[in-house]
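Below you'll find the structure, written out as C-alpha cells, and then a few comments.
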Amino acid sequence: MHFGFLSGDVADVAKAARLGFDGIELSTQAFGDVAAGPLDPDRLAEAKDLGARHGVTVTAVAYYGLAFAPPPPEEVTAIYGRVFDAAEALGVRVVASMSGFDPDRDWDGNLQLFADRFGPVAEQAERRGIRLALENWMGFGGRLPFRPRNMGGSPDTWDAWFAAVPSPALGLEFDPSHLYWQGIDHLRALREYASRVYHVHAKDTEMLPERRYRAGVNGLPFRFRIPGYGEIDWTAFVTALNELGYEGGVAIEHEDEVYGWHTGGARYDEGLVRGWQTLQPLIHPTSVPTRHER
C-alpha cells in the first residue's frame, strides 16, 4: 500500500515527502479545469517529475465534479476522457470520482441517470485499463429541506450501481467514515466488497450525541476527524485491508475542523501529521531488532 493524502496542489507532492508520506491522491483541480478542456500538460509533467524525485506515488486522480458542479449530460463522457488522459500521463490506473445525484429526480430516476452517465464512461475506462473508484459518500444531511448531491451511502446502493453498469472497471473509493455515522458495519462492508475496492480514503468520525438528541435527522449528529481522533478502530481496519490483500492507495481526506480544514496553513499540516502518526505504523510498520546484551 502507498499512504498519502488528497490534495489539489501539485506542490503538495513535495510536501507529502517532507511529512513522511510515500503517496498522494491528486484532484484534477491541481492541473486546471477539466470541464473546460484538456488539463495542463506542464503541470502534469511537473507532478510526475516531483513524484519521481521525492519517491511519492500518485495513487489516484480524483474528479468529483458530478457531485459539486455537474456538467451538461452530453459532456460527461468527454470530460472523463480528459481525466483518463491525465491519469495516463501520470502513469496512474485509478480515477476516483462521485456518482452525483439529481434532487429533482426520484431514486429510480437517479439510477437511470447513473447508468446513462457511467455506462459509456465505464466502457471507455475498461478499454483503457483504468479503474473508476466511486466514493461511498451519502451526499445529504443537515437541516431540512436539503438537496442531495451524491448517492453512494450503502451496500444496497452499490449493488444497484453494479447492476445498472455491470463493468469490472467500476468500483469503490472506500471511506469508512461515511458508513460509521449511519451505523453500517464498515468492516463487514469492506470484506464483502473487497474485490470492488480500488482506492481508500482514511477519514475518522466522531459522533455528537447532543446534536443527535437536539436535532435528530434534521441535523448532523457527527463530525469528521483526522484518523485517530474519532471512533473508528484503525488497527482493525488496516488489518482487514492486509488480510484482504489490498495493495492500492490509502489517502487521508482531511476534513477535520479542529485541525484547519477550512483555514489551511500550519494547523492543516498538523492534522496531516497527526493522521500520519496514527496510520503510518499500521500501514508501514518498522521492525527494530532486540539487542541481547552479554
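Just so you know, all these numbers are worked out from the coordinates, no wet-lab data involved. Because the structure is predicted, anything quoted here is derived from the model rather than measured. Backbone-built Cβ (ideal geometry, glycine too); neighbour counts: all protein chains shown.
Screening segment 119-219 for helices (runs of 4 or more DSSP H) wholly inside it with 2 or more residues that are free of Cβ contacts under 8 Å to residues at least 40 places away in the same chain and more than 22 Å from residue 94 (Cβ to Cβ) returns the ranges 155-164, 209-215. Looking only at residues of segment 1-25 that are crowded, with 24+ Cβ neighbours inside 10 Å and β-branched (Val, Ile, Thr), we find that the one that is farthest from the chain's Cα centre (by Cα) is 13. On the stretch given as segment 38-77, residues that are over 19 Å from residue 134 (Cβ atoms) and among the small types (Gly, Ala, Ser) total 5. Residue check, residue 141 against (1) surrounded by fewer than 21 Cβ atoms within 10 Å (Cβ to Cβ); (2) on the phi < 0 side of the Ramachandran plot, all met but one. Which one? The number of the failed condition is (2).
Got a sec? Which of 13, 94 is in contact with a Lys or Arg (Cβ under 7 Å, 6 or more places away or on another chain) and within 28 Å of residue 272 (Cα to Cα)?
Numbers: 13 fails: in contact with a Lys or Arg (Cβ under 7 Å, 6 or more places away or on another chain).
Answer to the selection: 94.
Kindly provide the set of residues from segment 232-272 that are in a loop (DSSP other than H, G, I, E, B) and either in contact with a strand residue (DSSP E or B) (Cβ under 7 Å, 6 or more places away or on another chain) or over 20 Å from residue 283 (Cβ atoms) (or both), ordered by number. If the condition is that a residue be in a loop (DSSP other than H, G, I, E, B) and either in contact with a strand residue (DSSP E or B) (Cβ under 7 Å, 6 or more places away or on another chain) or over 20 Å from residue 283 (Cβ atoms) (or both), then 232, 246, 248, 253, 254, 255, 256, 260, 261, 262, 263, 264 are the ones that fit.
Considering every residue within segment 183-194, establish whether at least one is under 25 Å from residue 256 (Cα atoms) and either crowded, with 20+ Cβ neighbours inside 10 Å or in contact with a Cys (Cβ under 7 Å, 6 or more places away or on another chain) (or both). Before you say what the answer is, go through the steps one by one.
Filtering segment 183-194 down to residues under 25 Å from residue 256 (Cα atoms) leaves 183-187, 189-190.
Now narrow it down to the ones that are either crowded, with 20+ Cβ neighbours inside 10 Å or in contact with a Cys (Cβ under 7 Å, 6 or more places away or on another chain) (or both): 186, 190.
Yes, because at least one residue in segment 183-194 is under 25 Å from residue 256 (Cα atoms) and either crowded, with 20+ Cβ neighbours inside 10 Å or in contact with a Cys (Cβ under 7 Å, 6 or more places away or on another chain) (or both).
A count restricted to segment 168-182 and to residues that are closer than 16 Å to residue 132 by Cα and surrounded by 18 or more Cβ atoms within 10 Å (Cβ to Cβ) stands at 7. For the criterion of being assigned to a strand (DSSP E or B) and either among the aromatic types (Phe, Trp, Tyr) or surrounded by fewer than 18 Cβ atoms within 10 Å (Cβ to Cβ) (or both), residue 229 fails. Inspection of segment 197-206 identifies at least one residue that is buried (at least 19 other Cβ atoms within 10 Å of the Cβ) and basic (Lys, Arg). Counting only helices (runs of 4 or more DSSP H) that sit completely within segment 4-112, those holding 3 or more residues that are farther than 27 Å from residue 127 by Cα and out of contact with any Ser or Thr (no Cβ under 8 Å at 6 or more places or on another chain) correspond to 12-19, 41-54. Screening 89, 78, 47 for residues that are crowded, with 20+ Cβ neighbours inside 10 Å and not basic (Lys, Arg) leaves exactly one candidate, 47.
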